[in-house]
Amino acid sequence: MSWCSPPRFLPDDAATTDLARRVAPVLKAGDTLCLDGPLGAGKTHFARAAIRARLAQDEDIPSPTFTLVQTYEGRDGTEIWHCDLYRLSGPDEVLELGLEDAMEDAICLIEWPDRLGDMAPADALTLHLAMAGDGREAQFQSQNDTWKGRLADALG
């Protein structure tokens, strides 16, 4: 069974940051959050805010556009992978990153998840971001309906 949250309008970057800060504590080792949307929709902004919410200290969170992967250790010791797959041509290149193993043991935030092909975990959570008027629209979706309960408090 699949689950989809109601669309949520985010009028500015502060609202995107707030949503990421509320969702971040819900994520645990082995979770994959796919960040889907066009260029400029807020994928990297959301990922950075979620990572900052999980870290013990404030540190620079660079975009992994050129490095493809940035890793962090959360205050609870959980490894966090932030991946930007935009420059990859397909799933074969994903294997070289070691992402398959990370999706089992770490929190993975993956921009441009379409590059995963069928490698995306069946229970992954996807955040669809789209430009909407003067802001953006956010909607969560998963094939695993347990996300509905896990995100209930975070989404209000």
Check your understanding: Among the listed residues L127, L116, which satisfies the condition of being in contact (Cβ under 8 Å) with a residue 60 or more places away in the chain, farther than 18 Å from A50 by Cβ and crowded, with 22+ Cβ neighbours inside 10 Å?
Key -> L116
Point to revise | Residues located in the stretch 1-38, provided they are hydrophobic (A, V, I, L, M, F, W, C) and in contact with a Ser or Thr (Cβ under 7 Å, 6 or more places away or on another chain) | key: W3, L10, A29, C34
Point to revise | Which listed residue, of Y72, Y86, is part of a loop (DSSP other than H, G, I, E, B) and among the aromatic types (F, W, Y) | key: Y86
Check your understanding: Which residues, counting only those in the stretch 75-94, are within 15 Å of the chain's Cα centre (by Cα) and of a type outside the set (S, T, Y)?
Key -> E79, I80, W81, H82, C83, D84, L85
**Study point:** Cross-chain or 6+ apart pairs with Cβ under 6 Å, the stretch 142-154 first and surrounded by fewer than 18 Cβ atoms within 10 Å (Cβ to Cβ), then of a type in the set (A, V, I, L, M) and modelled with pLDDT under 95
**Key:** Q143/A122; D145/M1
Exercise for review: With respect to A47, determine if the residue is part of a helix (DSSP H, G or I) and in contact with a Leu (Cβ under 8 Å, 6 or more places away or on another chain).
Suggested key: yes
Point to revise | Sole residue being surrounded by fewer than 21 Cβ atoms within 10 Å (Cβ to Cβ) and either of a type outside the set (D, E) or closer than 26 Å to Q143 by Cβ (or both), chosen from L27, L35, L85, L39 | key: L39
Exercise for review: From the list L88, L55, L68, pick out the single residue that is of a type outside the set (K, R) and in contact with a helix residue (DSSP H, G or I) (Cβ under 6 Å, 6 or more places away or on another chain).
Suggested key: L88
Review point. Within the stretch 80-97, is there a residue that is more than 19 Å from V26 (Cβ to Cβ) and touching a residue at least 40 places away in the same chain (Cβ under 8 Å)?
Key: yes
Practice item. Of the numbered conditions (1) surrounded by 15 or more Cβ atoms within 10 Å (Cβ to Cβ); (2) not in a helix (DSSP H, G or I), V94 fails exactly one; give the number of that condition. Key: (2)
Study note, to complete from the structure: Scanning the stretch 103-156 residue by residue, those part of a helix (DSSP H, G or I), closer than 20 Å to R8 by Cβ and among the small types (G, A, S) turn out to be G149, A152, A154
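The values are calculated or read from the model by the stated rules, or taken from the named source; none is laboratory data. Predicted model only: the values in this text are computed from it and were never measured. No Cβ is skipped: glycine too gets one built from the backbone with ideal geometry, and neighbour counts run over all protein chains shown.
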